[in-house]
Structure formats: C-alpha cells, structure tokens
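J.: Pasting a structure below so you can have a look.
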Amino acid sequence: MATHKTQSTLVVEHLAKSYPTAGEPLQVLSDVSLSLSAGDSLAIVGPSGCGKSTLLQILGTLDVPDHGSVRIDGQDPFALNENQLAGFRNQHVGFIFQDHHLLPQLTVLENILVPALAQGSPRPERFQHAQQLLESVGLADRRGHLPSELSGGERERVAIARALLMRPSLVLADEPTGNLDRRTADSVSELLLDLPTRHGVILVVVTHSHTLASALQQRRELSDGKLKEC
Ligand code: ADP
Ligand code: MG
C-alpha cells in the first residue's frame, strides 16, 4: 500500500499573472487564492481562454506568477534554484494532460517509470510500484505495449499511473477526459475520483465535464482572473 503524505498541503495566496501583448498586458489571473490538503479534490471550470491552464501550470511550478505565493507541503518552490525546483516538482507534483504526453518509443511500463529516471536507474521498489500502478489502472496485461497500440482511454490511464509513480502530494489534471468519448471518459473519471482517498493526494482537475466536476469535492469557476464558488 502507498505511504500517504498525510501532511500534503497546497496553499495559494493572491496569485496574479499577465502575458505581454503588443498593447496592454493580458491579465489572465488577477487574484487567486486557495487552500487544500491531503484527500481534497477541486474542479476548476470556466470557458476556453479564461486562464485555467495558466493557473494549473503555476500550481505545478512550471510557470511563475507575477505576484502572490504558492506553497506546496509548506515549501515555497519559487525560492528554489532551477535544479532544486526540477527535483521538487518531480517529488511533489504529478501531471495528467489531455493529450497524455506519453513517449511513443517507450513501452507502457517504461513510460510509467520515466519520472524515476531523473534519479538514475529505477530501483526494484520503483518497478514494483509501477507494476502495482499498472494493475490499479487496469492495464497489467499491457505493460509491454507501445502507446500507439493503446486506445485513447488506455493512454490516459497510463498517464494517471505515471503521475502517481513518485508518490506526489499534488496531482494536476488538465482536461483529462477532453478527448475521450462519454463511456471512456466516465471510466477515466472514476479512476481520477479514487486518487485522493486511495493515494492520499490533493487532486486539482480542470474540466469541461459537468459529470466529473460535480463528482469532485469542491468546484470553482475561474472568471475575471478569480476563483468563484459555483
Ligand atoms: P484556458 O486553459 O482556460 O483555455 P489558458 O490559460 O491556456 O486558458 O490561456 C489564457 C489566456 O492567456 C488566453 O487568452 C491565451 O491566449 C493566453 N496565453 C496563454 N499562454 C500564453 C503565453 N505563453 N503568452 C501569451 N498569451 C498566453
Ligand atoms: Mg487550457
């Protein structure tokens, strides 16, 4: 069984982010605050272009805010240098993208192990864990297959397993069911909904699916650069 990071926390205060344009800067986030801990799940909804991916990138420390702070497990990732930040992200954050970002030349099992390669050759425990995760997403018999031999839903399941490999505190999913048909989306959603209790993670999901959003513990709409109750 996974060792849960019961102290997992995500505390975000007064985030602001703008992008430069030829004219006025485009203010995407103006004042975003939230606080979540282990086992919590949050859906972020809102129309295309409102800044959902931008927010997720900042929560995942892939982008830096103009103002405000992010603390993950009590640490300020933006106070770290580039190398430290890459290590921190690897240990604390798992990403699940809509287009899964699997490496086409690697097998399913190898793709799941990719996050461990940052630390050199994966140890036997990692292989075991990867195998367990494969089983938990229902793909134990597909470990040697290439991504091109899988359906869209199966690839998304591999991406979920990969996101969990390093036992992150925070799992971020950006429109994880966006490319899937309804039935496949439902089964991927079920897997996602299990993550906070089964793996003790904080789960933040950007989604256009009402079914998925309403099944998560909390929902906020991103509107005018702020998170609003919805
Ligand atoms: P969403 O995920 O809600 O569709 P995004 O966060 O991707 O929205 O984008 C929000 C706004 O910021 C959009 O208008 C988009 O065009 C703009 N944007 C996103 N990334 C950049 C960037 N790197 N440079 C300039 N503008 C960007
Ligand atoms: Mg987006």
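J.: Work out, step by step, the length gained on full extension between His14 and Gln131: first 0.36 nm times the residue separation, then minus their alpha carbon distance; give nm to one decimal. It would help to have the intermediate numbers written out before the result.
T.: Numbers: separation 117, 0.36 × 117 = 42.12 nm, distance 4.02 nm.
38.1 nm is the gain from fully extending His14 to Gln131.
J.: List every residue whose amide H lies under 5 Å from the amide H of Ile202, counting only residues 5 or more places away in sequence or on a different chain, with H placed 1.01 Å from N in the peptide plane.
T.: When sequence neighbours closer than 5 places are left aside, the close amide H contacts are Gly39, Leu170, Val171.
J.: Something else: Just to confirm, what accessible area per residue do you get for the chain at 1.4 Å probe, in whole Å²?
T.: Numbers: 11030 Å² over 230 residues.
Accessible area per residue: 48 Å².
J.: When only C-alpha pairs under 8 Å and at least 6 residues apart count, what is the relative contact order of the range 1-150, in percent? Intermediate results must be reported in sequence, preceding the final value.
T.: Working: 161 pairs, mean separation 29.4, N = 150.
About 20 percent, as a whole number.
J.: Mind checking the dipole of the range 9-229: about its Cα centre, +1 per Lys or Arg Cβ, -1 per Asp or Glu Cβ, Debye to the nearest 20? Numbers along the way, then the final one.
T.: Working: 19 positive and 26 negative charges, 76 e Å.
Its charge dipole is roughly 360 debye.
J.: Follow-up question, since we're still on this one. Quick one: putting +1 on the C-beta of Lys and Arg, -1 on the C-beta of Asp and Glu, what dipole do you get for the range 102-193 around its Cα centre, in Debye to the nearest 20?
T.: That gives the range 102-193 a dipole magnitude of about 280 debye.
J.: What does the highest-first list of 24-31, 173-180, 158-165 look like by mean Cβ count within 10 Å?
T.: Details: 24-31: 15.1, 173-180: 21.2, 158-165: 24.6.
Going by the mean number of other Cβ atoms within 10 Å, highest first, we get 158-165, 173-180, 24-31.
J.: Going highest first, how would you order 16-22, 142-148 by mean Cβ packing within 10 Å?
T.: Details: 16-22: 12.4, 142-148: 14.9.
Top to bottom by mean Cβ count within 10 Å: 142-148, 16-22.
J.: Antiparallel DSSP bridges in the chain: what percent, to the nearest 5?
T.: Details: 18 of 36 bridges.
Looking only at bridges with both residues in the chain, the antiparallel portion is about 50 percent.
J.: Under Stokes-Einstein, with the Kirkwood radius over Cα pairs standing in for Rh, what whole-number D in µm²/s applies to the chain at 10 °C and 1.306 mPa s?
T.: Working: Rh = 18.0 Å.
D, rounded to a whole number, is 88 µm²/s.
J.: Can you give me the % of accessible surface on the chain that is carbon or sulfur? Probe 1.4 Å, all protein chains present, nothing else counted. Please list the in-between numbers first.
T.: Details: 5380 of 11030 Å².
On the chain, the fraction of accessible area on carbon and sulfur atoms equals 49 percent.
J.: Here is a further query. Sort the following peptides by mean Cβ neighbour count (other Cβ atoms within 10 Å, averaged over residues), highest first: 78-91, 211-224.
T.: Sorting 78-91, 211-224 by mean packing, highest first, produces 211-224, 78-91.
The values are calculated or read from the model by the stated rules, or taken from the named source; none is laboratory data. Computed from a predicted structure; not experimentally measured. All Cβ positions, glycine included, derive from the backbone under ideal geometry; neighbour counts span all protein chains shown. Protein only, heavy atoms only, side chains kept; ligands, DNA and RNA dropped before computing areas. Shrake-Rupley method; radii C 1.70, N 1.55, O 1.52, S 1.80 Å.
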